[in-house]
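Engineer: Sharing a structure below in structure tokens format, with a few things to ask.
The values are calculated or read from the model by the stated rules, or taken from the named source; none is laboratory data. Only a predicted model underlies this, so the values are computations on that prediction, with no experimental measurement involved. Quick reminder, even Gly has a Cβ in these numbers, built from the backbone with ideal geometry, and neighbours come from all protein chains shown.
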């Protein structure tokens, strides 16, 4: 079977379907450039004109829009946040500390870099290439407790991770921080693509500060996931009770009709000897689901960015209408102070007037009490009148520009039925297990896989979102001349996430196993863990 000959054949040219549907990297950046242009020309002017920053958040910078997907970790001390990050990266990162006591005393942004280095918070907040300039608003007390840790990692090519200080109970902890933890957490949550709330199976209490941090996530619920970590430290019966108790506690804090997605996981650098194994299959399946969600962040990054800009544009539009309405209600000559006090006292009624006048949904309006607190700091008489031109531009962005941008995204790979996930599995019965192969020990190491030689073949099959389907890869393996049952076993072994698609690592391992079978070696019943690359996601 000559792979190089196949790769050079005319049939390797992309088909009409693959060239139109495959989401290329340069297309992603074109969308981001268009998104920046729409925001800067049609939404940001509305925010600036009506001081959106004073009530919500500062205008987005180009670095904010260009930033990789951000994963925010929140949890009380010793829930395993830093250990989870090390598990994902497969190594330590600069400045990490792990212990049973509260060890992470600062916010740490872990990002990809050519070498290990730490950028202090003050320097990171003024760096135009980093999306952290908005943190200057929290002052020196916070910036001295913030850092960016750069480290080379394949995982960090697709995302950035924000590690946070472990949350303790009591007012002393909140006062001694010197900055408002809740406001900082909210700032990161607004920019995050995924928010993970970590709980320890032995510590389910939710401190006052943790409650405040969770409350600050209102409006971001679609991004929040709950991780019950160290789930193998309790028995199956105890785990059922712990899960129920955690959901009861969360239900009192997060008052939404939707049930949050909860992952029962256990991430260790070195697995303790006293773990319970009666729920191992469930925990492994849940952990795999979480890692899959993280892996797909990059694929959906641009869609989420557009979604966030849409939400922001709607908020900015409503904010402008509120400011314009309050300005219009103010008298031109006398009684301004008294009128402002009256407007503040009945702000919820004024919101209702605006809602009815412009036919707006109630969900687009801010919290009246919080808005009232910010409003009290301003002189309403100095507010700007409604400028129709700015509103029209924002409306155009919401109704035309952003939907047009969304239409450029291709449909993702469809979920395959169970019986479609292995293209060589011709019957529904289990294939007969083969004995372990008599190959050198080095053969079962991922370092022995000739990934560089297989990469051109993989690319010739026109991967979509970095993966190829069974239908596309089947001709390559059929060409090997191996029996169908052997090819079915190779697929089953190499498709270790069992989604019916192969990325480059899985394809390379499949080709490696094909070589084994062609040379007379016997395949194992289960893929050795040493043949999986040292990448968790």
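Engineer: Before we move on, is residue 291 out of contact with any helix residue (DSSP H, G or I) (no Cβ under 6 Å at 6 or more places or on another chain) and within 30 Å of residue 464 (Cα to Cα)? Even if it seems obvious, please write down each step before you answer.
Structural biologist: Values: out of contact with any helix residue (DSSP H, G or I) (no Cβ under 6 Å at 6 or more places or on another chain): yes; within 30 Å of residue 464 (Cα to Cα): yes.
Considered against the rule, which asks whether it is out of contact with any helix residue (DSSP H, G or I) (no Cβ under 6 Å at 6 or more places or on another chain) and within 30 Å of residue 464 (Cα to Cα), residue 291 comes out as yes.
Engineer: Another question, then. I'm told residue 459 meets every condition in (1) surrounded by fewer than 16 Cβ atoms within 10 Å (Cβ to Cβ); (2) over 27 Å from residue 289 (Cα atoms) except one. Can you identify the failing condition by its number?
Structural biologist: Failing condition for residue 459: (2).
Engineer: Let me ask another. Counting only residues that are surrounded by fewer than 22 Cβ atoms within 10 Å (Cβ to Cβ) and modelled with pLDDT under 85, how many does the stretch 79-89 have?
Structural biologist: The qualifying residues number 0.
Engineer: Among 114, 63, which is the only one that is surrounded by fewer than 16 Cβ atoms within 10 Å (Cβ to Cβ), outside any strand (DSSP E or B) and not assigned by TED's automatic domain parsing to the domain that holds residue 231?
Structural biologist: Working: 114 fails: not assigned by TED's automatic domain parsing to the domain that holds residue 231.
Checking each option against the conditions leaves just 63.
Here's the yes/no breakdown for (1) within 25 Å of residue 284 (Cβ to Cβ); (2) in contact with a strand residue (DSSP E or B) (Cβ under 9 Å, 6 or more places away or on another chain):
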position	(1), (2)
478	no, no
487	no, no
503	yes, yes
523	yes, no
527	yes, no
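Engineer: Any idea which of (1) more than 30 Å from residue 90 (Cα to Cα); (2) surrounded by fewer than 17 Cβ atoms within 10 Å (Cβ to Cβ) is the one residue 209 doesn't satisfy?
Structural biologist: For residue 209, the exception is condition (2).
Engineer: Moving on. With 148, 227 as the choices, which residue is in contact with a strand residue (DSSP E or B) (Cβ under 7 Å, 6 or more places away or on another chain) and either without any contact (Cβ under 8 Å) to a residue 60 or more places away in the chain or surrounded by fewer than 17 Cβ atoms within 10 Å (Cβ to Cβ) (or both)?
Structural biologist: 148
Engineer: Sticking with this structure for a sec: Could you give every pair whose Cβ atoms fall below 6 Å, whose first residue belongs to the stretch 375-392 and is closer than 15 Å to residue 350 by Cβ, and whose second residue is assigned to a loop (DSSP other than H, G, I, E, B), counting only separations of at least 6 or pairs across chains?
Structural biologist: Filtered contacts from the stretch 375-392: 380/330.
Engineer: Quick check: is even one residue across the stretch 384-391 crowded, with 16+ Cβ neighbours inside 10 Å, part of a helix (DSSP H, G or I) and modelled with pLDDT of 90 or more?
Structural biologist: The answer is yes, given that some residue of the stretch 384-391 is crowded, with 16+ Cβ neighbours inside 10 Å, part of a helix (DSSP H, G or I) and modelled with pLDDT of 90 or more.
Engineer: Moving on to the next point. Restricting to the stretch 117-133, give me the number of residues that are touching a helix residue (DSSP H, G or I) at 6+ places or on another chain (Cβ under 7 Å), crowded, with 20+ Cβ neighbours inside 10 Å and assigned to a helix (DSSP H, G or I).
Structural biologist: Result for the stretch 117-133: 2.
Engineer: So, one more: May I ask you to list the residues in the stretch 354-370 that are part of a helix (DSSP H, G or I) and either more than 29 Å from the chain's Cα centre (by Cα) or farther than 18 Å from residue 57 by Cβ (or both)? Full working, then the answer.
Structural biologist: Keep residues of the stretch 354-370 that are part of a helix (DSSP H, G or I), which gives 354-358, 362-364, 368-370.
354, 355, 356, 357, 358, 362, 363, 368, 369, listed by residue number.
Engineer: A further question follows. Just one of the numbered conditions (1) within 28 Å of residue 307 (Cα to Cα); (2) in the same structural domain as residue 187 (by TED's automatic domain parsing); (3) at pLDDT below 85 is not true of residue 102; which one?
Structural biologist: (1)
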